[in-house]
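**Student:** Got a structure for you, questions after.
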């Protein structure tokens, strides 16, 4: 008998069950979950930003006969910003009840692109403190925000690629790609 492994990437470490939300009532309990490793689960739960290279494993596991695996693959492929992921998702065919399951959670889930992430992929919240990781020329203010400057009490706005904070007593918008959560 083969060792148990993650139904998505094939890893054998830190395995545990993962149940995609919104399973139809008529589906047997064993078809509602899948064995999942810690690396996949961290990305599925939203604790870690999606890593497109890690999810290349879906090129084989997306063809699984297990409904829970099909649902997770379909959802993840839709969240990845990569041409290969879009092409693979377009090729997938799901049974009507499995497709409804996959689409139901996708309609309820918040847009993952709306999450505000720092340069390392850590999620930022209102009031967080961040560190500038690159010298930034502040247009219109006539100064340079130096690398290593701590910006306390940031505010999030409508654009997930920018936050507002005070540097040298001046309120400015900062690109999240040049910030690290402290």
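**Student:** Could you give the radius of gyration (one decimal) and Dmax (whole number) of the Cα atoms in the range 130-181, in Å?
**Tutor:** When restricted to the Cα atoms of the range 130-181, Rg and Dmax are 9.9, 26 Å.
**Student:** Then there is this: Between residue 139 and residue 13, how many nm apart are label points set 7 Å from Cα along the C-beta direction?
**Tutor:** Each label point lies 7 Å from its Cα, and together they span 4.5 nm.
**Student:** Continuing with the same structure: Equivalent ellipsoid semi-axes for the range 34-182, as square roots of 5 times the alpha carbon gyration tensor eigenvalues: give them largest first, rounded to whole Å. The partial results should precede the final answer.
**Tutor:** Values: eigenvalues 298, 38, 35 Å².
They are 39, 14, 13 Å, listed from largest to smallest.
**Student:** Further question: Picking from 69, 144, 48, which is most flexible by a Gaussian network model of the chain using Cα springs under 10 Å?
**Tutor:** Checking each option, the largest mean-square fluctuation is seen for 144.
**Student:** If you stretched the chain out fully between residue 161 and residue 63, how much longer would it get, using 0.36 nm times the residue separation minus the C-alpha to C-alpha distance? Present the calculation step by step, with values, prior to reporting the outcome.
**Tutor:** Values: separation 98, 0.36 × 98 = 35.28 nm, distance 3.45 nm.
The span from residue 161 to residue 63 would gain 31.8 nm if fully extended.
**Student:** Okay, which of the range 117-147 sit inside 14 Å, backbone N to the point 7 Å along the Cα-Cβ direction of residue 42?
**Tutor:** Counting backbone N atoms under 14 Å from the label point, the list is 120-123.
**Student:** Below 8 Å between Cα atoms, with a sequence gap of 6+, how large is the relative contact order for the chain in percent? Walk me through the numbers on the way to the answer.
**Tutor:** On the way: 279 pairs, mean separation 27.9, N = 182.
Computed over the chain, the figure is 15 percent.
**Student:** Would you compute, from DSSP H runs of 4+ residues alone, the mean residue ellipticity of the chain at 222 nm, taking -39500 (n - 2.57) per run and dividing by the full residue count, rounded to the nearest 500?
**Tutor:** Details: 5 runs with 46 residues, N = 182.
Calculated mean residue ellipticity at 222 nm is -7000 deg cm²/dmol.
**Student:** Ranked highest first by the average count of other Cβ atoms within 10 Å around their residues, in what order do 72-78, 4-10, 148-154 fall? Kindly include the intermediate steps, with their values, before the conclusion.
**Tutor:** Values: 72-78: 21.9, 4-10: 17.6, 148-154: 14.7.
The densest-packed peptide leads the list: 72-78, 4-10, 148-154.
All of the numbers you see were taken from the coordinates with simple rules; none came from a lab. Bear in mind that the values here come from a model prediction, so they are computed numbers and not experimental data. Note that each Cβ is placed from the backbone with ideal geometry, even for glycine, and that neighbours are counted across all protein chains shown.
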